[in-house]
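The values are calculated or read from the model by the stated rules, or taken from the named source; none is laboratory data. Note that this is a predicted model, so its numbers are computed, not measured. Cβ coordinates were reconstructed from backbone atoms using ideal geometry, including for glycine residues, and neighbour counts include every protein chain displayed.
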Amino acid sequence: MDDKIREMIAQFKKDRTSLLPILRKVQEEEKCLSPESIKEISDFLELSENYIYSVASFYPLFHFNRPGDHTIKVCICNACHLTGGDDILENVENELNIHPGETTDDGKFSLEKIVYAGCSTLAPVVIIDREVYPGMTPEKVKEILGQYK
């Protein structure tokens, strides 16, 4: 794996301004920023691993754990909250036996809680990968998740 990462980052300039593009590229290919990839980036850019972790952890788009095959986002904005978003989230948690920020043991699903999905008129909203499910109810959770299992 280290050779693959080395080849991937070798196309970039050995300059700290390359850090974000390298992090994006590595995550795009590897699905997350592993300790091995952080070490390789550190060696390549001659930056401390701590510095790289601090930069990467600042941006919510970077992940240190491999996400599931499908990412489930449950909106809890005011509109979704008022129309049952918390119940939807609880049902997803119970159905998959995970909490926001976690991935199922089989690696199929990751769960995220989002504050605004941009779909207030469709509340409550669940997004699986890029598919928006409006007007969700606790009863629909099992049915919709079944389509992805």
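Just to verify a result, which residue in the range 1-40, among those that are hydrophobic (A, V, I, L, M, F, W, C) and over 21 Å from the mean Cα position of the chain (by Cα), is modelled with the lowest pLDDT? Spell out how you get there, then give the answer.
Narrowing the range 1-40 to residues hydrophobic (A, V, I, L, M, F, W, C): 1, 5, 8-10, 12, 19-20, 22-23, 26, 32-33, 38.
Going one step further and asking which of them are over 21 Å from the mean Cα position of the chain (by Cα), we end up with 1, 8-10, 12.
Details: Met1: 53, Met8: 88, Ile9: 91, Ala10: 91, Phe12: 94.
This residue is Met1.
Quick one: in the range 1-49, of everything that is closer than 24 Å to His70 by Cα and among the small types (Gly, Ala, Ser), which residue is surrounded by the most Cβ atoms within 10 Å (Cβ to Cβ)?
Ser37
Tell me, which helices (runs of 4 or more DSSP H) wholly within the range 12-90 include 3 or more residues that are assigned by TED's automatic domain parsing to the domain that holds Thr104 and charged (D, E, K, R)?
Details: elements: 19-30, 35-45, 49-58, 78-82.
Ranges flagged: none.
Can we say Ala117 is modelled with pLDDT under 90 and either among the charged types (D, E, K, R) or part of a helix (DSSP H, G or I) (or both)?
Values: modelled with pLDDT under 90: yes; either among the charged types (D, E, K, R) or part of a helix (DSSP H, G or I) (or both): no.
Here the answer is no, as Ala117 does not meet what is asked.
Out of everything in the range 130-148 that is outside any helix (DSSP H, G or I) and either of a type in the set (Gly, Ala, Ser) or surrounded by 11 or more Cβ atoms within 10 Å (Cβ to Cβ) (or both), what residue ends up being modelled with the lowest pLDDT? Walk me through how you get there before you give the answer.
Quick first cut of the range 130-148, residues outside any helix (DSSP H, G or I) only: 130-137, 147-148.
So of that shortlist, the ones also either of a type in the set (Gly, Ala, Ser) or surrounded by 11 or more Cβ atoms within 10 Å (Cβ to Cβ) (or both) come out as 131-137, 148.
Numbers: Glu131: 92, Val132: 92, Tyr133: 93, Pro134: 91, Gly135: 90, Met136: 91, Thr137: 91, Tyr148: 84.
The selected residue is Tyr148.
What are the residues in the range 50-86 that are exposed (fewer than 14 other Cβ atoms within 10 Å of the Cβ) and either within 18 Å of Pro134 (Cβ to Cβ) or in contact with a helix residue (DSSP H, G or I) (Cβ under 6 Å, 6 or more places away or on another chain) (or both), if any?
Once the filter is applied, which keeps residues that are exposed (fewer than 14 other Cβ atoms within 10 Å of the Cβ) and either within 18 Å of Pro134 (Cβ to Cβ) or in contact with a helix residue (DSSP H, G or I) (Cβ under 6 Å, 6 or more places away or on another chain) (or both), the range 50-86 yields Asn78, Leu82.
Restricting the search to the range 99-144, which residues are in contact with a Phe, Trp or Tyr (Cβ under 8 Å, 6 or more places away or on another chain) and in contact (Cβ under 8 Å) with a residue 40 or more places away in the chain?
First pass over the range 99-144, keeping only residues in contact with a Phe, Trp or Tyr (Cβ under 8 Å, 6 or more places away or on another chain): 103, 108-109, 125-128, 140, 144.
Hits for the range 99-144 are Lys108, Phe109, Val125, Val126, Ile127, Ile128.
Filter the range 94-109 down to the residues that are of a type in the set (D, E, K, R) and surrounded by fewer than 16 Cβ atoms within 10 Å (Cβ to Cβ) and list them by number. Break it down stepwise before answering.
In the first step, residues of the range 94-109 are kept if they are of a type in the set (D, E, K, R); the result is 95, 102, 105-106, 108.
Asp105, Asp106, Lys108, listed by residue number.
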